[in-house]
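Written below as structure tokens is the structure these notes are about.
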Amino acid sequence: EDQVTQSPEALRLQEGESSSLNCSYTVSGLRGLFWYRQDPGKGPEFLFTLYSAGEEKEKERLKATLTKKESFLHITAPKPEDSATYLCAVLPGSARQLTFGSGTQLTVLP
Amino acid sequence: DAGVTQSPTHLIKTRGQHVTLRCSPISGHKSVSWYQQVLGQGPQFIFQYYEKEERGRGNFPDRFSARQFPNYSSELNVNALLLGDSALYLCASSLAIIQETQYFGPGTRLLVL
């Protein structure tokens with residue numbers, strides 16, 4: 001069974017304090033791994049797609065990396081507006097739907 | 001460019017009632033998927049529709065049904081509502097049936113009393 005586990009469940013950072021969120025997965029034949037940002041009461045906002053181990057993508061203060069068993073979302077010098085829940089999802093090779101983790105709730109304090 | 005739109009934004013129903021949620025995909029997207037998100041959890045897959053046909057179904061009871069129209073918009077129907085159906089219902093669209101990047105709408109918040 002495909003599984004996605006995100007850690008930590010919640011993370012509080014001071015503004016400017018860099019950190020990383022983890023997404024570990026077990027899946028039969030990974031077709032893609034996705035990161036989304038979700039603000040309270042809203043739909044997930046697409047951030048990145050990673051396809052193969054060793055791939056990296058960046059957007060502003062965020063950088064996503066992928067290995068064969070996990071992905072990291074690195075946040076450099078975060079700002080309060082980066083506060084949100086960050087969701088990781090995988091698309092297995094045998095399936096057509098995303099399997100999501102439970103998310104990491106990030107709070108950045110000014 | 002308009003993103004995925006959903007209506008209504010909020011809905012309150014009582015147990016046993018029926019509800020219909022609506023979704024319009026991004027222009028040019030032919031695939032629509034529905035997800036249920038309970039507070040504190042990630043979205044769970046309910047259905048995928050492509051070219052008006054059901055192409056995938058998650059582990060949800062038969063009380064849940066959906067359809068896709070010729071303009072690629074979609075409806076999710078839930079019959080005999082239970083308290084446990086209270087959740088944020090998300091619609092996502094993608095270009096093709098092999099869904100790679102999916103773009104989500106703002107969701108419909110359903111509360112069942």
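Values in this text are rule-based calculations from the coordinates and carry no lab data. Keep in mind the model is a prediction, meaning the values are calculated, not measured. In this analysis, Cβ positions are derived from the backbone assuming ideal geometry, glycine residues included, and neighbour counts consider all displayed protein chains.
Structure above, values below:
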quantity: Residue within segment A:59-69 that is free of Cβ contacts under 8 Å to residues at least 24 places away in the same chain and over 29 Å from B:ALA96 (Cα atoms) present; calculated: yes
quantity: Verdict on A:THR5 being among the β-branched types (Val, Ile, Thr), surrounded by fewer than 19 Cβ atoms within 10 Å (Cβ to Cβ) and within 14 Å of chain B (Cβ to nearest Cβ); calculated: yes
quantity: Test: residue in segment B:91-113 that is over 13 Å from the mean Cα position of the chain (by Cα), within 14 Å of chain A (Cβ to nearest Cβ) and farther than 19 Å from A:GLN97 by Cβ; calculated: yes
quantity: Residues (charged (D, E, K, R) and part of a loop (DSSP other than H, G, I, E, B)) located in segment B:78-113; calculated: B:GLU100
quantity: A:LEU87, sole failed condition from (1) more than 12 Å from chain B (Cβ to nearest Cβ); (2) touching a residue at least 60 places away in the same chain (Cβ under 8 Å); (3) within 11 Å of the chain's Cα centre (by Cα); calculated: (1)
quantity: Subset of segment B:57-84 that is over 21 Å from B:VAL4 (Cα atoms) and in contact (Cβ under 8 Å) with a residue 40 or more places away in the chain - its residue that is farthest from the other protein chains (Cβ to nearest Cβ); calculated: B:ALA80
quantity: Single unsatisfied condition, B:TYR35 versus (1) touching a Ser or Thr at 6+ places or on another chain (Cβ under 8 Å); (2) surrounded by 17 or more Cβ atoms within 10 Å (Cβ to Cβ); calculated: (1)
quantity: Scan of segment B:50-104 for residues that are aromatic (Phe, Trp, Tyr), buried (at least 17 other Cβ atoms within 10 Å of the Cβ) and farther than 27 Å from A:LEU50 by Cα, ordered by number; calculated: B:PHE64, B:TYR72
quantity: Options A:ALA64, A:ALA53; residue that is farther than 19 Å from B:GLN41 by Cβ and surrounded by 15 or more Cβ atoms within 10 Å (Cβ to Cβ); calculated: A:ALA64
